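A.B. asks: Take a look at this one; I'll ask things after.
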Ligand code: BGC
């Protein structure tokens, strides 16, 4: 098909025709028509705009189900749930004629300050990759393409269209690319969206290394690369790098640039052909998907034919997802679940005007929105009162004058709390404080909310806090409040899900996908965020999130992976087997409490004697298991050998170190219940030696290592040397081979060194 297109048509095809659509090419001669397709945000619901279009959520979009944003859905650690949410979003997309949903977003939460963290899944690449793969598979199971975004190292909003993420090879591969690699290989997304930022000086959208060498050649990605909106500065460079589709329209400017670049020889026409071909392939996929997806819908959800029934089913799914996403951080004295007959004071404006999604391109127009106050009033059997407690910025709580002054609101709330059995206080970040486009400057909740909480606690110590926010907030009150439910942003059904959790109709089971630090100054990127003059240095290297807090042995407010339940789980009989494929783990988990619940079983690995810097532990597998009260289940987890590898900067490749690897399983990164270790064979690494290689390098080499060792042993045994072979080695190991002239009676001299080097040269 590409061969039958003119240069102009190819230039049209690789550039957005409107804000959301690709160009259609009319039928000509024997060449068939190429229809246009529509793309739309994502990622936690559909943002399909009919009238005015924008990429910042400023203009209205058609109503769609608002599922919990990634910050919450990720916390469910539930692949099946993510798959079902993805499928539901895709069904709504297809009903609106949308062929590609722009999500999921899986950038690593490098700093809690990133304004867009609510759209991302985790500080950990395994969680990000697994959950993004499940969402992608769900979306694509309904014949709609997904778009993994934003590729890559897009971890802040400050200066986002220019800033260079200056990051070393190991963190780039092990932290920032690893989740993408996983999702690309597992879920085969139809598209990947290139990010706005630069990586080590080169724009992600014009980065041949990233888009072609890593994505297509290393990872075998066969889909299409679409730019983030307005990310492309030099269209010819971007095409040459492998960026297939530029979005949105540039009003013909890009097409002109492409034509001139081909005619002047700056751009090879074959590069344009490759991109045009991938655009055509995506269009064909979308057309085929529209048919296949309709069938999948009919099979998967009988309700989908009827829009109202489908909206109802999707709302129920949004409620289930929200209930599985919230994280119970603390529950002293089993304050929760609330007794149905308790009198409850619901306090905080967020209970009435919920914050359920973040601002920017992912902001969708929900079909309906539930608030927690009404939902609580509906399920509670005892009396329920309400006090707003604080006013949201720019809004009067109720219009009554005494209520708008903070002291009056506090007093009213304290009064409500003192006359109820339990107070439930809804605190959170006002919508204005976090969004796409800018980062936060601090982690604090508004001071008046903290003062309100103090007043309520003084009036009634039986107080539970429910939090609504997209990015992590500091919890200076954590030790003073008996119960905290972190509800993040729960989507349109967050209200009823919260009531379900508070009264125990649902048992909390979400887990933290990011550490809650004690203070901003403790966070890994604190000294290097958000950078300056167009550069941000990723100085913390691989020590991101819990990897940092664990390596530095720091106290945190709540650790990665943490989350309580209304029941308890015990772990027993950890068995680990190692073979060529990796590790097979088996552990028995028992629900020892009195109600059914879900446990997220987490497996961490470490390599204490590693030759490279490593965090004390890294998450390598997780499983979500539902257990009835008293029930036991053997849970199996597997860790592919590749996942135990680190990026070896000398090899420019992954390598698994041999020797002892420790495996621990448990309920969070700091609640590990069982531990064992296994011996793994080493990946054979035989780097050629040079004069700059040290004796230590030569010892690590499979050919020269044994030779040197036996020579030194002979020398140490035979003669006058005061040192043992080991002692000699310890002193000499950093000596470059090229500078060895003679070493006592060790037998190592310049000639021997040259012989060793020669032995390691590849043919
Ligand atoms: C965002 C993308 C989004 C696009 C289209 C950009 O501002 O970074 O995530 O998909 O707009 O709305």
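A.B. asks: Testing the spin-label approximation: label points 7 Å from Cα along Cα→Cβ at residue 675 and residue 365. State their distance in nm.
C.D. replies: 5.5
A.B. asks: Let me ask something else about it. Which order, highest average first, do 106-113, 732-739 follow once you tally other Cβ atoms within 10 Å for each residue and take the mean per peptide?
C.D. replies: 106-113, 732-739
A.B. asks: If you take the beta carbon distance between residue 222 and residue 27 as r and set R0 to 41 Å, what does 1/(1 + (r/R0)^6) give as a FRET efficiency, to the nearest 0.05?
C.D. replies: 0.90
A.B. asks: Please report how far the C-alpha centroid of the stretch 325-378 lies from that of the stretch 137-193, rounded to the nearest whole angstrom.
C.D. replies: Cα centroid to Cα centroid, the span is 32 Å.
A.B. asks: While we're here: Treat the count of other C-beta atoms within 10 Å as a stand-in for reagent exposure and order 647, 654 from fewest to most.
C.D. replies: So the residues, fewest neighbours to most, are 654, 647.
A.B. asks: If I model a spin label as a point 7 Å beyond the Cα along the Cα-Cβ vector, how far apart are those points for residue 713 and residue 54 in nm?
C.D. replies: Here the modelled spin labels are 7.5 nm apart.
A.B. asks: Name all residues of the stretch 670-696 having a backbone nitrogen under 14 Å from the label point set 7 Å from the Cα of residue 703 along its Cα→Cβ direction, giving them as ranges.
C.D. replies: 685-690
A.B. asks: Could I ask something else about it? When you count, for each residue, the other Cβ atoms within 10 Å and take the mean per peptide, how do 147-154, 187-194, 350-357 rank with the highest first?
C.D. replies: In descending order of packing, they fall as 147-154, 187-194, 350-357.
A.B. asks: So for the pair residue 169, residue 250, with labels modelled 7 Å out along Cα→Cβ, what separation do we get in nm?
C.D. replies: Roughly 3.3 nm, to one decimal.
A.B. asks: While we're on this one: Apply 1/(1 + (r/R0)^6) to the Cβ-Cβ distance of residue 395 and residue 306, taking R0 = 30 Å, and write down the FRET efficiency to the nearest 0.05.
C.D. replies: So, using R0 = 30 Å, E works out to roughly 0.20.
A.B. asks: Going by how many other beta carbons lie within 10 Å of each one, how would you line up 374, 310, fewest first?
C.D. replies: In order of increasing Cβ crowding within 10 Å: 374, 310.
A.B. asks: Still on this structure, I have one more. Is the C-alpha gyration tensor of the chain telling us rounded, prolate or oblate? Criteria: a/c under 1.5 is rounded; beyond that, a/b larger than b/c is prolate, otherwise oblate.
C.D. replies: oblate
A.B. asks: Next question. Take 347, 376 and order them by how many other Cβ atoms sit within 10 Å, fewest up front.
C.D. replies: Fewest-to-most Cβ neighbours within 10 Å comes out as 376, 347.
A.B. asks: Follow-up question, since we're still on this one. Please give the peptides 131-143, 747-759 ranked by average Cβ packing (other Cβ atoms within 10 Å per residue), highest first, as a rough proxy for protection.
C.D. replies: Details: 131-143: 27.0, 747-759: 16.0.
Averaged packing, sorted descending, gives the order 131-143, 747-759.
A.B. asks: Oh, and also: First measure r as the distance between the Cβ atoms of residue 691 and residue 266, then evaluate 1/(1 + (r/R0)^6) with R0 = 56 Å and state the FRET efficiency to the nearest 0.05. Let's see the in-between values first.
C.D. replies: Values: r = 42 Å, r/R0 = 0.76.
Once rounded, the FRET efficiency stands at 0.85.
A.B. asks: For a label point 7 angstrom out from the Cα of residue 683 toward its Cβ, which stretches of the stretch 584-608 have the backbone nitrogen within less than 16 Å?
C.D. replies: Under 16 Å, as judged by backbone N against the label point of residue 683, lie 607 of the stretch 584-608.
Just so you know, all these numbers are worked out from the coordinates, no wet-lab data involved. For clarity, every value in this text was computed on a predicted model and none was experimentally measured. For neighbour counting, all protein chains shown are included, and Cβ atoms are generated from backbone atoms with ideal geometry for every residue, glycine included.
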